[in-house]
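Here the structure comes first, spelled out in structure tokens, and everything after it is commentary.
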Amino acid sequence: MLKQFLNLKLSQKLSPQQIQLMKLIQLPTQAFEQRLKEEMNENPALEAGKEEDENYEKDEFDNEEEFDDFDDNESIEAEDINIDEYLSNDETPEYKTQVNNYSDDDDRRESPLASPVSFHQDLINQLNTFMLNDDERDIAEFLVGSIDDMGYIRRSIPDIVDDMAFTQGIYTDEKTVERILHVIHELEPSGVGARDLQECLLLQLKHKTPSEYVELATKIIETQFDAFTKKHYEKLQQKFNVSNEQLKKAVHEIEKLNPKPGGSFTGNNKITENIVPDFAIRIVEGELELTLNGRNAPTLHVSKDYQEMLQTYKVSKDKSHAQKDAVQFIKQKLDAAKWFIDAIRQRQETLFVTMNAIMHYQQEFFLDGDETKLRPMILKDIADMVGLDISTISRVANSKFVETPYGTKLIKEFFSEAMKNDQGEDVSTLEIKKILKNILEEEDKHKPLPDDQLAELLKEKGYPIARRTIAKYREQLDIPVARLRKKM
């Protein structure tokens, strides 16, 4: 027998406009500008600049019954939307940014764009200096096309032979490809076209001026590459029967080589990614002053022409079906423009109050730039200060930058967990990492400190931390183990 029961459930549905409001909050400056341009292109009722007479109201119609169809398109007021309730936890997209630090009052200066020769095109151009027949040239160009941006060919010769046959109709054999690969190895930068790091270093040593130490370096890479990468210097001294000074000079020759020959090409077509700060913090008469990048606060208004078009229809006696369709379109655009202006205002307020709270929480750091003065700070600390949800703070922190007197910083870098020092006080893990980094920079590179000794040193400084925690922090700082930090 089926049982019937009542179930009361409260649910909310997001309109497309509400979803767009949430996305506006998370956008960094460069992406926000692009979004603004898109909206202005799509909505002719939205205009830039100031407008004295902005009297548009959605209830400008005398005959409400005649326009019932328009009620479904009511405008959404920004103050009626609780941002925190609608923020989703989807992954924040990454945005590529470029420097464009001009205020609204600055003249826009256009820089001429250079058209550098790409890395691969430069290699192909160099092939013109070699005597190659048509078939050899085709193979050489295919090999150049197989080189990655770091200068390596990561594929095996058999795979390349098969690929040329299937995709280019070039039929050859492994011996011929190997021979043409030797031609590629003669190109600049030296080491290009290598299939692994060992071959890359050997190619560069081959092009160096011959000497006793270059010859020793070549033997080390050729026959004892594994021992060299693990810095087993005593084993290398015994193997080649050389003094510590001789080995040191040979290792120095190797250290001068470039493990990524393609990355050094100045004409490479990679675009340098620069940062557009979303905020700026300055010290004025000993006090911190926060400003929001002016590009985040555009001056917008609703089109007066569109308002007049709506008013013209209002007083018109002849209201055809076509005119009703037109006025519905106009009303939708006006409502959308008004909502977008309100949403931008809400975005500005959210960004400013969040960054202002962070600035005051980390006031000691922003006043003198000492990273050891960064306080432990989690998202909840700031959320409690400004009365917003943790997810809102996360959206602001993860993708925004602030310009400070000590450089431009990613806001999320100011957040860290707390640990107890020997006095029982909470200290930031950022402070501990800074001290650890200073210790490692000052250590004797001939006798680098293992993790257990690092733990003892930090304990002496008042930070009782386990060895495994030291290892975790060291890896986060991208610092290798002691054996790999050792120098001759």
Point to revise | Matching residues, the range 291-306, being in contact with a strand residue (DSSP E or B) (Cβ under 6 Å, 6 or more places away or on another chain) and free of Cβ contacts under 8 Å to residues at least 60 places away in the same chain | key: Thr291
Check your understanding: Which members of the range 204-233 meet the condition of being open to solvent by 80 Å² or more (accessible area, probe 1.4 Å), over 21 Å from Asn244 (Cα atoms) and of a type in the set (Lys, Arg)?
Key -> Lys206
Review point. Quick one: His182 ticks every box in (1) outside any loop (DSSP other than H, G, I, E, B); (2) under 30 Å from Leu123 (Cβ atoms); (3) in contact with a helix residue (DSSP H, G or I) (Cβ under 9 Å, 6 or more places away or on another chain); (4) open to solvent by 60 Å² or more (accessible area, probe 1.4 Å) bar one, so which box is it?
Key: (3)
Revision key, fill the gap. Every listed condition ((1) open to solvent by 80 Å² or more (accessible area, probe 1.4 Å); (2) in contact with a Leu (Cβ under 7 Å, 6 or more places away or on another chain)) holds for Lys472 save (2)
**Study point:** Matching residues in the range 187-203 - criterion: being within 19 Å of Leu127 (Cα to Cα) and either surrounded by fewer than 23 Cβ atoms within 10 Å (Cβ to Cβ) or among the aromatic types (Phe, Trp, Tyr) (or both)
**Key:** Glu188, Pro189, Ser190, Leu203
Exercise for review: Being open to solvent by 60 Å² or more (accessible area, probe 1.4 Å) and assigned to a loop (DSSP other than H, G, I, E, B) is the filter; apply it to the range 151-178 and report the residue that is nearest to Asp196 (Cα to Cα).
Suggested key: Arg154
Review point. Can you spot a residue in the range 446-458 that is open to solvent by less than 40 Å² (accessible area, probe 1.4 Å), in a loop (DSSP other than H, G, I, E, B) and farther than 30 Å from Met355 by Cβ?
Key: yes
Check your understanding: For Gly387, which of the numbered conditions (1) loosely packed, with under 15 Cβ neighbours inside 10 Å; (2) closer than 30 Å to Ala482 by Cα fails to hold?
Key -> (2)
Exercise for review: Could you please give the count of residues in the range 367-381 that are within 23 Å of the chain's Cα centre (by Cα) and assigned to a helix (DSSP H, G or I)?
Suggested key: 2
**Study point:** Top-ranked residue of the range 335-377 - restricted to ones that are in contact with a Lys or Arg (Cβ under 8 Å, 6 or more places away or on another chain) and of a type in the set (S, T, N, Q), ranked as farthest from Lys434 (Cα to Cα)
**Key:** Gln362
Check your understanding: What number of residues within the range 400-437 satisfy the criterion of being farther than 19 Å from Glu364 by Cβ, modelled with pLDDT of 80 or more and of a type outside the set (Lys, Arg)?
Key -> 4
Check your understanding: Do any strands (runs of 3 or more DSSP E) entirely within the range 401-444 hold 1 or more residues that are over 23 Å from the mean Cα position of the chain (by Cα) and surrounded by 11 or more Cβ atoms within 10 Å (Cβ to Cβ), and if so, which?
Key -> 418-420, 426-428
Check your understanding: Quick one: which of Ala343, Ala397, Ala357 is part of a helix (DSSP H, G or I), open to solvent by less than 60 Å² (accessible area, probe 1.4 Å) and under 19 Å from Thr429 (Cα atoms)?
Key -> Ala397
Check your understanding: Is it the case that the range 311-318 has a residue that's over 29 Å from Glu47 (Cβ atoms) and at pLDDT below 85?
Key -> yes
Review point. Name the residues in the range 227-263 that are farther than 30 Å from Ser118 by Cβ and polar (S, T, N, Q), would you?
Key: Thr229, Gln237, Gln238, Asn241, Ser243, Asn244, Gln246
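The values are calculated or read from the model by the stated rules, or taken from the named source; none is laboratory data. Everything quoted here is computed from the prediction, not taken from an experiment. With ideal geometry, Cβ positions are generated from the backbone for all residues, glycine too; neighbour counts draw on all protein chains shown. What goes into the accessible areas is simple: the full protein's heavy atoms, side chains included, and nothing from ligands, DNA or RNA. Shrake-Rupley method; radii C 1.70, N 1.55, O 1.52, S 1.80 Å.
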